[in-house]
1. If you scan the stretch 12-27, which residues turn out to be closer than 18 Å to residue 63 by Cβ and either loosely packed, with under 15 Cβ neighbours inside 10 Å or touching a helix residue (DSSP H, G or I) at 6+ places or on another chain (Cβ under 9 Å) (or both)?
2. Would you mind finding the one in 57, 127, 67, 114 that is at pLDDT 95 or above and touching a helix residue (DSSP H, G or I) at 6+ places or on another chain (Cβ under 7 Å)?
3. Report, ordered by the first and then the second residue, all pairs with beta carbons closer than 9 Å, sequence separation of six or more or different chains, a first member in the stretch 13-24 that is within 18 Å of residue 151 (Cβ to Cβ), and a second member that is surrounded by fewer than 10 Cβ atoms within 10 Å (Cβ to Cβ) and at pLDDT 90 or above.
4. Please find, within the stretch 1-11, the residue that is surrounded by the fewest Cβ atoms within 10 Å (Cβ to Cβ) out of those that are part of a loop (DSSP other than H, G, I, E, B) and touching a residue at least 60 places away in the same chain (Cβ under 8 Å).
5. For the stretch 70-102, enumerate the residues that are part of a strand (DSSP E or B), closer than 16 Å to residue 122 by Cα, touching a helix residue (DSSP H, G or I) at 6+ places or on another chain (Cβ under 7 Å) and in contact (Cβ under 8 Å) with a residue 24 or more places away in the chain.
6. For residues in the stretch 145-175 being in contact (Cβ under 8 Å) with a residue 60 or more places away in the chain and assigned to a strand (DSSP E or B), which is farthest from residue 79 (Cα to Cα)?
């Protein structure tokens, strides 16, 4: 099997943000216009026939990819942010991740009951932030059935975690073992 050409645009940084973590850095991909276009087109492709009303992207790299995917799908964009970044009334959810914990927020009026949302982010490791994002959106009545990601780290269990809450999982690249 021929390796995916997008793999050459992902840099591995050992021991970041702490010892033992193999950080998958997508900034080389973001810096290459053709690779970025190809990645976002491939992330959007499974959803072209039945596009969502919104794409939700998790801060910060999910904003970049999600904004482009939303444009391709003709959908609106919902930013899912870190605490204290949203100017209007918001709801939040804490979650655990592979090297600590975090909190995500979104505006309480960003989506209506029954509106279809696709979750987009750069990478799924343990799935904590993606699960928190899905649950936040569902709290507002959104229908979140799928997620599209650039990178999956399958050994950390994020895909299985998301599938347990009913998310159809789509990832372009996989890095086993980390």
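The values are calculated or read from the model by the stated rules, or taken from the named source; none is laboratory data. What you see is a predicted model, and the numbers here were worked out from it, not measured in a lab. Every residue, glycine as well, gets a Cβ built from its backbone with ideal geometry; the counts of neighbours run over all protein chains shown.
1. Residues satisfying the conditions are 26, 27.
2. 57
3. Correct list of pairs: empty, since none qualify.
4. Only one residue tops the list, namely 4.
5. 79, 80, 97 - these are the residues of the stretch 70-102 that are part of a strand (DSSP E or B), closer than 16 Å to residue 122 by Cα, touching a helix residue (DSSP H, G or I) at 6+ places or on another chain (Cβ under 7 Å) and in contact (Cβ under 8 Å) with a residue 24 or more places away in the chain.
6. Here the residue is 173.
Here is a yes/no grid of residues against (1) exposed (fewer than 15 other Cβ atoms within 10 Å of the Cβ); (2) closer than 27 Å to residue 37 by Cα:
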{"position": "84", "(1), (2)": "yes, no"}
{"position": "89", "(1), (2)": "yes, no"}
{"position": "95", "(1), (2)": "no, no"}
{"position": "101", "(1), (2)": "yes, no"}
{"position": "110", "(1), (2)": "no, yes"}
{"position": "113", "(1), (2)": "yes, no"}
{"position": "131", "(1), (2)": "no, yes"}
{"position": "153", "(1), (2)": "no, yes"}
{"position": "158", "(1), (2)": "no, yes"}
